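The values are calculated or read from the model by the stated rules, or taken from the named source; none is laboratory data. All values derive from a computational prediction rather than experimental measurement. So basically every Cβ, Gly included, is an ideal-geometry build from the backbone, and we count neighbours across all protein chains shown. Surface accessibility is based on the protein's heavy atoms, side chains included, excluding ligands, DNA and RNA. Shrake-Rupley method; radii C 1.70, N 1.55, O 1.52, S 1.80 Å.
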Amino acid sequence: MNRSRLLLAPLFGLAVLALTLTGCDSGGMGTTDAPPSVPTPDAFELNTDLFSTPTPGSSTAAKTGEYAHFTNAALRVWPVSLLVKANLIIPSAVTAAALQADPVVEDGTWTWDATADTLNQNVSFRLEGTPDGSTVAWSMQVTAPNPEQGEALEDFELYTAETALDGASGSWSLFYRIDGERTRVLDADFTVTSDTQKAITFSVPDTAEENAGDSVRYAVDGTQRTFEWTRVADTGNTVVTVMWDAETKAGSIVAPAYNNGEPACWDDTFQNVDCTTS
């Protein structure tokens with residue numbers, strides 16, 4: 001019995017050591033066997049094209065008459081959307097292109113190198129993702145001779161991000177070169193469950209010279225769309241909420257400076273309707 005115990009002791013120690021080494025190796029292989037999921041391009045999406053089209057009817061009817069509710073929603077949604085969307089063109093294009101590229105891994109960091117055709121130019125990019133536990137740290141570097149915003153970009157870190165391993169939730173910060181300086185222009189937090197369930201909040205950094213602290217929350221819930229614009233002012237936050245159905249086009253607006261702050265609705269022909277029957 002004593003001899004058996006003496007033999008079992010070192011065998012047990014070797015087994016524990018083997019399990020320990022296997023566990024360490026498995027942990028290391030977790031960062032090199034398969035690449036993390038690229039951040040979803042939906043994290044750079046804001047689809048408000050409904051409000052880009054001219055309002056039906058005469059200009060007088062559109063502004064003050066039977067189409068007033070939709071028109072006043074469009075006057076708030078579309079200008080703000082244009083400012084946000086202009087910043088998203090390149091990051092959306094290069095992130096989508098990364099999904100088609102084959103990554104390589106070195107020292108625990110995955111890299112996607114390719115080009116994307118956007119703004120009538122080829123934008124080359126290098127996306128790096130470094131897994132760390134349950135999250136991934138991302139860095140997107142681009143070369144774009146003629147970006148929509150700011151100055152020409154050469155091996156420029158366009159955005160940084162931190163996402164879950166599946167790339168479907170997280171946050172990012174977007175940068176452009178303005179007056180020769182790398183400038184943070186937009187932040188976002190996002191959760192994309194599916195094509196029909198997502199929420200993204202775009203925020204202007206507090207360091208921005210204009211509109212600092214303003215935000216836009218864009219949400220998709222089935223066919224329902226929500227655009228919530230929060231504007232920071234000296235007197236406090238002003239919130240405009242516009243909701244619509246992507247299929248029927250009917251919707252509503254709630255804005256402090258319109259209709260006494262009460263909901264105002266339109267139907268599938270963009271005409272004003274009572275909100276209780278829309």
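Couple of notes before you dig in:
- Among the residues of region 173-184, those that are in a strand (DSSP E or B) and open to solvent by 10 Å² or more (accessible area, probe 1.4 Å) comprise Ser173, Phe175, Arg177, Ile178, Glu181, Arg182, Thr183, Arg184.
- Ala144 vs. criteria buried (at least 16 other Cβ atoms within 10 Å of the Cβ) and either at pLDDT 95 or above or within 18 Å of the chain's Cα centre (by Cα) (or both): no
- Residue within region 215-231 that is closer than 19 Å to Leu88 by Cβ, touching a Phe, Trp or Tyr at 6+ places or on another chain (Cβ under 7 Å), among the basic types (Lys, Arg) and assigned to a strand (DSSP E or B) present: yes
- The set of residues in region 137-163 being assigned to a strand (DSSP E or B), in contact (Cβ under 8 Å) with a residue 40 or more places away in the chain and under 21 Å from Asn120 (Cβ atoms) consists of Met140, Val142, Ala144, Leu158.
- When residues of region 147-170 are limited to those that are within 18 Å of Val84 (Cα to Cα) and open to solvent by 40 Å² or more (accessible area, probe 1.4 Å), the one modelled with the highest pLDDT: Thr160
- Test: residue in region 260-271 that is closer than 19 Å to Asp49 by Cα, part of a strand (DSSP E or B) and open to solvent by 30 Å² or more (accessible area, probe 1.4 Å): no
- Residue list for region 237-259, restricted to those being out of contact with any Asp or Glu (no Cβ under 6 Å at 6 or more places or on another chain) and either in a loop (DSSP other than H, G, I, E, B) or hydrophobic (A, V, I, L, M, F, W, C) (or both): Val239, Val240, Val242, Met243, Trp244, Ala246, Glu247, Ile253, Val254, Ala255, Pro256, Ala257
- When Gly213, Gly251, Gly236 are checked against the criterion of being at pLDDT 95 or above and either open to solvent by less than 30 Å² (accessible area, probe 1.4 Å) or under 15 Å from the mean Cα position of the chain (by Cα) (or both), Gly251 stands alone in meeting it.
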